[in-house]
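What follows is a single structure, written as structure tokens, with notes after it.
The values are calculated or read from the model by the stated rules, or taken from the named source; none is laboratory data. Predicted model, so just to flag it, every value in this text is computed and none were measured. Here the Cβ positions follow ideal geometry from the backbone for every residue, glycine too, while neighbour counts run over all protein chains shown. Accessible surface is based on the protein model in full, side chains and every heavy atom, while ligands, DNA and RNA are left aside. Shrake-Rupley method; radii C 1.70, N 1.55, O 1.52, S 1.80 Å.
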Amino acid sequence: MKIASIQPRDTDAFDLHLLDHEGFEIARKLQVPVWVYDIDKARIPFANAAACKLWQAESEAELSARNMGDGMSSTVAKRLKQYQNDFIETSATFTELWTLYPNGKPQNVMVVYSGLRLADGRMAMLCEAINTFEDEPENVRSAEALLHTDVMIMLIGEDGPALYMNPAARNVVPNIRKELQSLFVDPTDHADLIIALSATGEHRLVAEVHTANGNRWFDISAKTCSDAATGAPAILVTAIDVSELKMARDKARYLADRDLLTGCYNRSFLQSHLTYLSTLDAPPQCAIIFFDVDRFKQINDRFGHEVGDTVLRQISNRARGLIRNCDMITRLGGDEFLILLEGIGSIEEIDQRVEELRDVISKPIFHEATRINVTVSMGISVFTPGQADFTEVMRHADIALYASKEAGRNRATHFNEDMGRAAQQRNQIEEELKTALKRREFVLFYQPRVDLRSGRVVSVEGLVRWNHPTRGLVMPDTFIPVCEETGMIEDLGREVLEVGCGQAIAWHAAGYDFEVSLNISPRQFADKHLLRTLYTLAQKPGFPKGKIELEITENVLFGDDRIIAKKLQTITKMGYRIAIDDFGTGYSNLSYISRFPLNCLKIDRSFVDQLPSSGPIISLILTLAHQIGAIVVAEGVETEEQRDWLANQDCEQAQGYFLSRPVPPVQFLEFAEQLNAQAEQ
Ligand code: C2E
Ligand code: MG
Ligand code: MG
């Protein structure tokens, strides 16, 4: 029906002038209800008698005066707007079951809609009620439900655009001419859908869809059916927006696979990926680069954990920027990372990667005003998934990393079999040490400390030895580092403290008032159980308060001053004294010593060994110690000259082979009694 502009009529309370006179005269004669709906103004500018009856209007004028927008739901208003857009774009007609509310009473009608261009250029809607349903509440309700539901419902011609879309669908897919295929972001989703539909007649999938609001995820169900209007084959599609749910799930999965701090993959993801690789018909040759940050603990201690976190994040970002898409970076924990290189051809290729990696990591890292230079040590191991046990491969890389550390850090080492053997030996010692701890094979030897003014034995250092069942006495240098590394030092250290304190209690009970000094390793000092052990020992009957000295090394004091000072104060309050062992070999910054409750500085053997050239340094240490109220012990005194020089400089005590080697307790007591008797004379 072509409609041209006509003159306004008297009856036009509204803008009937926008409608064609002639065409509407015909429409007036029709028995079916026909009316025009002005979507923009929510008015009915034209209605024939049947339409007036349908709308329960007294007259056309009364109907056209009604504001149809009153009480109209937003879904309906939106739906009408959608139609308006469709009419502008196409000459389509739509047939839909609507519930009208003439004077508030529901009336169900099957309406055919088409576009009607008004004279002022706006698009209105020509409506023709082809069927009315008086007593079918089911129809009414289903039509209403279809209109208001958030579920997208579409009927799609097999190869063509949508035959029907409910308002929810129209909100998502504004362009009704779009074919189903073009809605899918991933074309394979559409292909899968079509294949499944032709095979089984139905399919369900979660897919990403182009919508008016950008790409979103939908849970889509599709079924083959026939178009009720034409009988042509069609597809009924229902879809629910699951974007939020999917995002939450994706996030949960992302978090499950990753390390939160750095965003790197985590160990469990790495393992599942390797398992996957090992199931491939031809798994690619892979290399793992296992690396950790050199002296990371010191970075943390010195600059704080925030800076430590920045370092880890930066390192992982830089490494990530360097690797290929098929490679993977994993944070195994702490400062340990692992890069998996997939499909690697040659050692040269790996070495080149390693160099690039070291290069990019060694660039300064900034955290606010702090600039940090870090280096990493790396261990590399090459393998083919499926042919090698991954635990073994990891162990190889770990051994190679250890070799890098041993060789002075900031380097990369490829695993080889010799290393494997050395590691095996270490493992063997480790196993043996475990047994030794259980069997209590450790004993303390005692080395006297002599007061240089009186010549008397005033103190004694307990030094641990391993009384090996077949190898005899094993010196601490061979097993203390292994114990430190493995954490066994915590048990061994406790054993030493118990034996040493027990011995001190026994000597004091027997009338000797020697001070007993015992060594505490850095890891043992950091052990959270240390304070409890010390407290328990200090509660023992006969514990010689103020007579047990704990020797710690300078690097133990390097870290958060307040925490360390507090720990040392707690220890001194329990009745222990604190000595710094091997003094002068640690950090050159001496300012720290005034901040801690220190009773004694033990000058390292290397200074005594270099006397008299090291004289000025020893004098300096003496001055420093006396200023903070600590005494000085010279270690490693091997000659009379050394002893005399030290005595002349007012050094309080000496310890060394010149006086006595470390010996078992009975021998020590004999020596001490003898020396003290001489001193009496
Ligand atoms: P240290 O605490 O500095 O102990 C002094 C070391 O110097 C002892 O070696 C001792 O035998 C040696 N020494 C003493 N006088 C002389 C001398 O005149 N000349 C020379 N060349 N050496 C001398 P030892 O017993 O082999 O202990 C080595 C290190 O092992 C100790 O150094 C200490 O760091 C560690 N250590 C020993 N026992 C324990 C322990 O029970 N716990 C911990 N954590 N470490 C221990
Ligand atoms: Mg010592
Ligand atoms: Mg020492």
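Going by what's in this entry, would residue 542 be described as away from ligand 1 (no atom under 16 Å from the Cβ) and within 36 Å of the chain's Cα centre (by Cα)?
On the way: away from ligand 1 (no atom under 16 Å from the Cβ): yes; within 36 Å of the chain's Cα centre (by Cα): no.
For residue 542, the condition - away from ligand 1 (no atom under 16 Å from the Cβ) and within 36 Å of the chain's Cα centre (by Cα) - is not met.
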What number of residues within region 188-214 satisfy the criterion of being in contact with a Phe, Trp or Tyr (Cβ under 7 Å, 6 or more places away or on another chain) and farther than 20 Å from residue 243 by Cα?
-> 0
A careful count of residues in region 36-66 that are under 60 Å from the mean Cα position of the chain (by Cα) and in contact (Cβ under 8 Å) with a residue 60 or more places away in the chain gives 4
Sole residue being loosely packed, with under 14 Cβ neighbours inside 10 Å and either in a helix (DSSP H, G or I) or within 16 Å of ligand 2 (Cβ to nearest atom) (or both), chosen from 612, 616 = 616
Please state which of the following conditions residue 264 fails to meet, knowing it meets all the rest: (1) touching a Lys or Arg at 6+ places or on another chain (Cβ under 6 Å); (2) of a type outside the set (Ser, Thr, Tyr); (3) open to solvent by 10 Å² or more (accessible area, probe 1.4 Å).
-> (3)
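Which members of region 189-231 meet the condition of being β-branched (Val, Ile, Thr) and open to solvent by 80 Å² or more (accessible area, probe 1.4 Å)?
195, 200, 230
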Among the listed residues 460, 464, 443, which satisfies the condition of being touching a residue at least 12 places away in the same chain (Cβ under 8 Å), more than 16 Å from ligand 2 (Cβ to nearest atom) and either under 15 Å from residue 518 (Cβ atoms) or surrounded by fewer than 17 Cβ atoms within 10 Å (Cβ to Cβ) (or both)?
-> 443
Per the filter on region 547-573, residues outside any helix (DSSP H, G or I), more than 16 Å from ligand 3 (Cβ to nearest atom), at pLDDT 95 or above and not basic (Lys, Arg) are 548
Return yes when residue 602 is within 12 Å of ligand 1 (Cβ to nearest atom), within 49 Å of the chain's Cα centre (by Cα) and under 29 Å from residue 532 (Cβ atoms) and no when it is not.
-> yes
Which one of these does residue 449 not meet: (1) over 27 Å from residue 677 (Cβ atoms); (2) open to solvent by less than 30 Å² (accessible area, probe 1.4 Å)?
-> (1)
Going by the conditions given, is residue 637 open to solvent by less than 30 Å² (accessible area, probe 1.4 Å), assigned to a helix (DSSP H, G or I), hydrophobic (A, V, I, L, M, F, W, C) and within 15 Å of ligand 1 (Cβ to nearest atom)?
-> no
Would you mind finding the one in 541, 597 that is open to solvent by less than 50 Å² (accessible area, probe 1.4 Å) and part of a loop (DSSP other than H, G, I, E, B)?
-> 597
Yes or no: residue 502 of a type in the set (Gly, Ala, Ser), more than 16 Å from ligand 2 (Cβ to nearest atom) and part of a loop (DSSP other than H, G, I, E, B)?
-> no
Go through region 86-110 residue by residue and tally those that are within 55 Å of the chain's Cα centre (by Cα), aliphatic (A, V, I, L, M) and within 19 Å of residue 146 (Cα to Cα).
-> 1
Which numbered condition residue 154 fails, given (1) part of a strand (DSSP E or B); (2) open to solvent by 30 Å² or more (accessible area, probe 1.4 Å); (3) at pLDDT below 90 | (2)
Which condition number does residue 53 fail, the rest of (1) under 22 Å from residue 167 (Cα atoms); (2) in a helix (DSSP H, G or I) being met?
-> (1)
